[in-house]
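What follows is a set of notes on a single structure, which appears directly below.
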Amino acid sequence: MILMSDDVGDVEREILEALRHAITDLLSTQESLEPIRDRVIQEAREVYVLVRNGFKMAYRGEFDALRNLINEVGIKVSELLDIIGEYDDILLKIAYDPLKEFIELILLYTLSSRDTSLLYYLKSIDSRIVLDGFVDFVGEILRLVQQAISNSKCEDAKRLIDLLEEIYIEFYTSQLSGFIFKDHKRKSDRMRSLLERVKSDYLYGCGKR
């Protein structure tokens, strides 16, 4: 339908009104979320600091203390997720990296201490964050393999390499699309690269023993 000249002003005003309504709606959401966002930032920062201390404990083999710390962080994570609540599409990105490192720490603790009792924490966290935690955990496995090789613990190194290969296979064959898990192919390629590297290190360090 061709608009008559008398209609043009009204149409343009309604278009602008639709724009203003959307902006007003988002400003209202922003105003209500500001204090929640500030709390999420503070809680996420506290989780991050505790998790970094946890990695130091893991490297020193202080597993009893680390177990207690993980449980302490687990309580904070539960509170953090409650704060985020229904606004996870907006606020979860703030806590994404600390939560990812929490996953990585739990996996490192589990592998190093042989205690699987804390893996249940993974089920309460967004599966995308859990997968990204596994992506970073691969780097920890690489470090543990290199440590085992340098200490002439070739059986331990082989066991770790087998785990790394299984993680890669599960990841690579999962058929996850990029829209559900960002950069799946790039992360799979990174895993494969680290796997090839660690196999090479193993052959060089343990192949002649």
Q. Which of (1) at pLDDT 95 or above; (2) part of a helix (DSSP H, G or I); (3) open to solvent by 30 Å² or more (accessible area, probe 1.4 Å) is the odd one out, the single condition Glu104 does not satisfy?
A. (3)
Q: Mind listing whichever residues of segment 123-135 are touching a residue at least 12 places away in the same chain (Cβ under 8 Å), surrounded by fewer than 18 Cβ atoms within 10 Å (Cβ to Cβ) and more than 8 Å from the chain's Cα centre (by Cα)?
A: Ser124, Asp126
Q. Can you name the residue in segment 18-67 that is among the aromatic types (Phe, Trp, Tyr) and at pLDDT 95 or above and, of all such residues, is most open to solvent (accessible area, probe 1.4 Å)?
A. Tyr48
**Q.** The listed residue being open to solvent by 90 Å² or more (accessible area, probe 1.4 Å) and farther than 20 Å from Glu104 by Cβ, out of Glu166, Glu196, Glu170
**A.** Glu196
Q: Determine whether segment 185-200 contains at least one residue that is farther than 18 Å from Phe134 by Cα, out of contact with any Leu (no Cβ under 9 Å at 6 or more places or on another chain), small (Gly, Ala, Ser) and in a helix (DSSP H, G or I).
A: yes
Q: With the checklist (1) part of a loop (DSSP other than H, G, I, E, B); (2) without any contact (Cβ under 8 Å) to a residue 12 or more places away in the chain in hand, flag the one item Leu203 doesn't pass.
A: (1)
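The values are calculated or read from the model by the stated rules, or taken from the named source; none is laboratory data. All figures in this text were calculated on a predicted structure; none of them were measured in a lab. Glycine also receives a Cβ, built like all others from the backbone with ideal geometry; neighbour counts cover every protein chain displayed. Ligands, DNA and RNA are stripped out before the accessible areas are found, and what is left, the full protein with its side chains, is counted by its heavy atoms. Shrake-Rupley method; radii C 1.70, N 1.55, O 1.52, S 1.80 Å.
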